[in-house]
Structure formats: C-alpha cells, structure tokens
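Asker: Take a look at the following structure, please.
The values are calculated or read from the model by the stated rules, or taken from the named source; none is laboratory data. Just so we're clear, the structure is a prediction, and the values are computed from it rather than from any experiment. FYI the Cβ positions are ideal-geometry reconstructions off the backbone, even for glycines, and counts take in every protein chain you see. Accessible surface areas use protein heavy atoms only, side chains included; no ligands, DNA or RNA. Shrake-Rupley method; radii C 1.70, N 1.55, O 1.52, S 1.80 Å.
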Amino acid sequence: MSVDRIVVGAGLSGILAALEAAEHGDRVTLIDAAPRIGGALSAAVVDGFIVDTGAEAFSTARGDMADLLDQWGLGDEIVQPSGRPAHIAHADGLKAMGPGVLGIPAGPDRLRSSGLSQEEINEALALDSTPWFDSGSWSVAELVSSRLGTHVLERLVEPVVSAVFGAAAAELAWDAVCPDLVDASRGAGSLLKGAERLRSGSEVVGQSVASVRGGLHRIVEVAEQRLVSAGVTIQLGTAVSHVEQIRGGWVVGTSTERFVPQLTLAVGPSQLQHFLGACGWVDTGVPALRAAPSRTVVASVDSEALDDEPFGTGVLIAKDYGGEVKALTHMNAKWQWWGDVLPTHRHLVRLSMSDLTVPPEDVRASVAATLSSLGGVEPGGIRALAVSDWPDTLSTIGPGATESLADLVNSAKPRGLDIRGAGIPGNGLLRIATDHYSRQIQESAYVAVH
C-alpha cells in the first residue's frame, strides 16, 4: 500500500511527527531498526523490577512536556522528586546543591550558600551586576564565566552540564542548551535572577524536573495506542540504509527501496549526518552537530549504608574527583514510588558514564568503586546490573550553530523533508515537546493565512 509519509526513527520525535501527519490525513509509516518504539524511553528488568534505562525525568523549565502527558491521559501520574538534597562531588568532598538551573544558583542568596569562598561569591555578584550582554556565538562556558566567573563555572555548572548533556560547557551553544534561562536572565539583567525566575521560588533542591509514577517508559504504551488509533503503520526491526531525493519525493532504502512523497528524519545526529551527506543534499553534513555518546547503568544493591541516603537523591561527579562515572541517582531517595515497593535495605542506583568501550567487567568495577567511595557500599552488595548504551542519542551543538541548523530545517521543508530529533530543538524530552507544539502553532498560523 502506498503511503504519503515515511517517518524514520520511532523515538518521541518520530512518534509526534507520525501523529501530526496522521492528524492531517496523511497515510503514515513509522520505521525503526529497534524492536520497539520509544527510543530513549526505554526500560529493562533489573532484579525483578522494570526500571527506566534511558530518560528517567524531564525538565519542567516550561510546561510543554507536562501538557503533552496531560493530553495523553498521564497528567495525574506526573510526580515530583522528593526534594532531598543532591550533591556535587569534587576532590575535596561532597557539596550539597541548592535550587538552581544547570548548576546556576536560583538567586544571590542561593549563591551565598553554594559552598564557594567569599571571594568567589563576591566576584560572581560583581560580574552579574554589570549590564547584560550576550552573543549568539557564545558557548555555555563563555556565558557563565562572563556573568559569574570561572569558579561558578568549574565548581557548580560544569559537573551538571557534563552529566546532563555528555559534553563540556565549552562545547555547547547556550542557545541550544539553555534558551529559557537566557531569556529570563535578559529580562532580569542577571543570570542568578534569571535562574530564580525559572525556579519560581521553588524550594526543591537541584534541578527542576519531574517524571511519571512508575517510570517514563510508561509513555511508550500510551504512544503506541495513539499511533494505532491514528492509523499509523509501525514497522520495527527495519534498518534504513540510505535516502535519496528524486523528482516528486524521496526514495527510502531498507531491504527494498520505497518511494514516498514526504519524508521525516527523526534520528540521532550521526545518522542524520550520514543520510544527508550520503545523498549529497548537504555537502559537508550538518554543521557543528555531533553525537555525545552516553552509557546508563542501573544497579540493584543491598546496602544498609544507603538506608541513610548519604548522598541524597544523587551526585554529580566533577572531573577532579576522578573515575569513569559522571553522575549517579539514588532512585529510592529521588522517587517515592521506589521506596514504596522495594524490600528493606534494597536500593536502585542509576549511574551515567561516557566511555562506551569499557568492558562489562570493568563497568561493574567502576560502579562498585563509586558506590564504595561515595556511599560506603560493600562490593558484594551489588545484586544485578543493566547496561544501556546510547551512542547516537544526545547531541552536542557547537557555539554559533543554532541559526545554521534552523536554516537547515527550514530549507528542507520545500523539498518534502521534515528534519526532527538529532537534538536540533535541544536535548531532552521537554525540547521535543516544545518543538512539537511550536510546529502546531506554525501550522495553524499558515492555515489561517492561506
């Protein structure tokens, strides 16, 4: 059967693209090489419990992801973290995090209690009181250091950015990572006050996030039901080798070649580079866009030492601390539902790493060493591990590239090509949801005019 649009990639971006097209009356086929839809909304059974192994929370800096979940009937299932403190681990010890955005304290008072020296605090306050100025070519590192100094960047922001985005602050464009923060800060004339505005006076420590009771993987079942109801054909276990533009549409190569008038690419940054570069449509690939590989490890642990939640809801691990682990989350401490279902002294810990070449036996050793040094967990306490690699999910968008990527997306539309995913709207579920609603608004405006 002929179709009007093929969507390549069945993560959240591809799911939303397929639903949008189906709602406009298109016959849609959604293709993915994986055996299931959802992309990073993944789960695995760890020691008898179904646990998120990809995304486990979404940012609440804007309400778009919460609105989408409400629209999909999961609004009442949205849960907030416990509010217990998270920490940053440096070589000189653990420091508790207060409310903030990307490690930036939510206001001057939070800066004063951030663990920095008085001299470092005075420097940050002085810099942040100067007239506001920013540049579209700046990195996150340049923005933070210019407004708050290098000590805030290195001690507070860099560990958060590295753990969340899998890249250094100097490698990331601020307008791809934190546009909401910069917009708020422009209005306030202060980065600290901008973070305070985004947090809206919330006393919950750490970053502003939420999840779904039981895990974000629950979204996948709802998404699949909506796709089936919309008449979308789902084709899994199907790798796309190439795409080619021809007169009147596109050829999509799988085990056979198929012609389609409209094509959506909702894939990772490396795969997008491959498709566009191989078909010659973009001579040099996608500018300043590359994958930031990441590895998620979920460990089931028996430990009385963790009963006291020694590092709160989790730890962001700075470079000077050492080791392969970038961050860890104590899931019992962060999400109340785990405390309600796990046996006494049983704990689930989620760890993030960036080196995907480390063999399984060394992964276990790294996890054991980190849990021992930070939480006093005996090596024999680890009951089970689940390791999930994400080589082409997170994106590193370099400074100054945001505008050129937007131009790429816009120039593709007249050719019948819809480019999604690849972190172009920004990493994370919130950015995907925001992009979805932005496209709906643009479409409504276009229809109203024409």
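Asker: Would it be correct to say that Val341 is over 30 Å from Gln273 (Cα atoms), at pLDDT 90 or above and open to solvent by less than 10 Å² (accessible area, probe 1.4 Å)?
Answerer: Numbers: over 30 Å from Gln273 (Cα atoms): yes; at pLDDT 90 or above: yes; open to solvent by less than 10 Å² (accessible area, probe 1.4 Å): no.
No.
Asker: Yes or no: Arg5 over 24 Å from Glu224 (Cα atoms), open to solvent by 30 Å² or more (accessible area, probe 1.4 Å) and in contact (Cβ under 8 Å) with a residue 12 or more places away in the chain? Write out each step before concluding.
Answerer: Working: over 24 Å from Glu224 (Cα atoms): no; open to solvent by 30 Å² or more (accessible area, probe 1.4 Å): yes; in contact (Cβ under 8 Å) with a residue 12 or more places away in the chain: yes.
It is false that Arg5 is over 24 Å from Glu224 (Cα atoms), open to solvent by 30 Å² or more (accessible area, probe 1.4 Å) and in contact (Cβ under 8 Å) with a residue 12 or more places away in the chain.
Asker: Would you check if Asp183 is under 30 Å from Trp72 (Cα atoms) and out of contact with any Asp or Glu (no Cβ under 9 Å at 6 or more places or on another chain)?
Answerer: Against the criterion (under 30 Å from Trp72 (Cα atoms) and out of contact with any Asp or Glu (no Cβ under 9 Å at 6 or more places or on another chain)), Asp183 qualifies.
Asker: Before we move on, is Ile88 among the β-branched types (Val, Ile, Thr) and open to solvent by 40 Å² or more (accessible area, probe 1.4 Å)? Full working, then the answer.
Answerer: Values: among the β-branched types (Val, Ile, Thr): yes; open to solvent by 40 Å² or more (accessible area, probe 1.4 Å): no.
When the stated conditions are applied, Ile88 does not pass them.
Asker: Please determine, by comparing only the residues of the range 268-292 that are under 21 Å from Gly166 (Cα atoms) and of a type in the set (S, T, N, Q), which one is modelled with the lowest pLDDT.
Answerer: Per the criteria, the residue is Gln273.
Asker: Let me ask something additional. Restricting attention to the range 137-182, and to residues there that are of a type in the set (Phe, Trp, Tyr) and not in a loop (DSSP other than H, G, I, E, B), which single residue is modelled with the highest pLDDT? So that I can check it myself, show each step before the final result.
Answerer: Step one: of the range 137-182, the residues of a type in the set (Phe, Trp, Tyr) are 138, 165, 174.
The next check asks that each one be not in a loop (DSSP other than H, G, I, E, B); those that pass are 165, 174.
Working: Phe165: 87, Trp174: 90.
The residue in question is Trp174.
Asker: Now for a different question. Residues in the range 195-244 that are charged (D, E, K, R), modelled with pLDDT of 95 or more and closer than 30 Å to Glu257 by Cβ: how many? Lay out the reasoning, then the answer.
Answerer: Start the filter on the range 195-244 by keeping residues that are charged (D, E, K, R), which leaves 196-197, 199, 203, 213, 218, 221, 224, 226, 244.
Checking the rest, the ones that are also modelled with pLDDT of 95 or more come to 213, 218, 221, 224, 226.
If we keep only those that are closer than 30 Å to Glu257 by Cβ as well, we get 224, 226.
Residues that pass the stated criteria total 2.
Asker: If a residue must be open to solvent by 50 Å² or more (accessible area, probe 1.4 Å), assigned to a loop (DSSP other than H, G, I, E, B) and in contact with a strand residue (DSSP E or B) (Cβ under 7 Å, 6 or more places away or on another chain), how many such residues does the range 234-260 contain?
Answerer: Adding up the residues that qualify gives 1.
Asker: Output the number of the condition that Asp134 fails; it satisfies all remaining conditions of (1) at pLDDT 95 or above; (2) of a type outside the set (A, V, I, L, M, F, W, C); (3) touching a Leu at 6+ places or on another chain (Cβ under 7 Å); (4) not in a helix (DSSP H, G or I).
Answerer: (1)
Asker: Specify which of the listed residues (Gly166, Gly115, Gly187) is closer than 23 Å to Thr434 by Cα and open to solvent by 40 Å² or more (accessible area, probe 1.4 Å). Before you say what the answer is, go through the steps one by one.
Answerer: On the way: Gly166 fails: open to solvent by 40 Å² or more (accessible area, probe 1.4 Å); Gly115 fails: closer than 23 Å to Thr434 by Cα.
Gly187 is the lone residue from the list that is closer than 23 Å to Thr434 by Cα and open to solvent by 40 Å² or more (accessible area, probe 1.4 Å).
Asker: I'd like to check something: does the range 126-143 contain any residue that is in contact (Cβ under 8 Å) with a residue 40 or more places away in the chain, out of contact with any Asp or Glu (no Cβ under 7 Å at 6 or more places or on another chain) and among the aliphatic types (A, V, I, L, M)?
Answerer: Among the residues of the range 126-143, not one is in contact (Cβ under 8 Å) with a residue 40 or more places away in the chain, out of contact with any Asp or Glu (no Cβ under 7 Å at 6 or more places or on another chain) and among the aliphatic types (A, V, I, L, M), which makes the answer no.
Asker: Do we find that Ala327 is touching a Gly at 6+ places or on another chain (Cβ under 8 Å), open to solvent by less than 20 Å² (accessible area, probe 1.4 Å) and farther than 24 Å from Pro399 by Cβ in this structure? I'd like the intermediate steps shown before the answer.
Answerer: Values: touching a Gly at 6+ places or on another chain (Cβ under 8 Å): yes; open to solvent by less than 20 Å² (accessible area, probe 1.4 Å): yes; farther than 24 Å from Pro399 by Cβ: no.
Taking the combined requirement at face value, the residue does not satisfy it.
Asker: Open to solvent by 30 Å² or more (accessible area, probe 1.4 Å), more than 28 Å from Val182 (Cβ to Cβ) and modelled with pLDDT under 95 - does that describe any residue in the range 62-83?
Answerer: Checking the range 62-83: at least one residue is open to solvent by 30 Å² or more (accessible area, probe 1.4 Å), more than 28 Å from Val182 (Cβ to Cβ) and modelled with pLDDT under 95.
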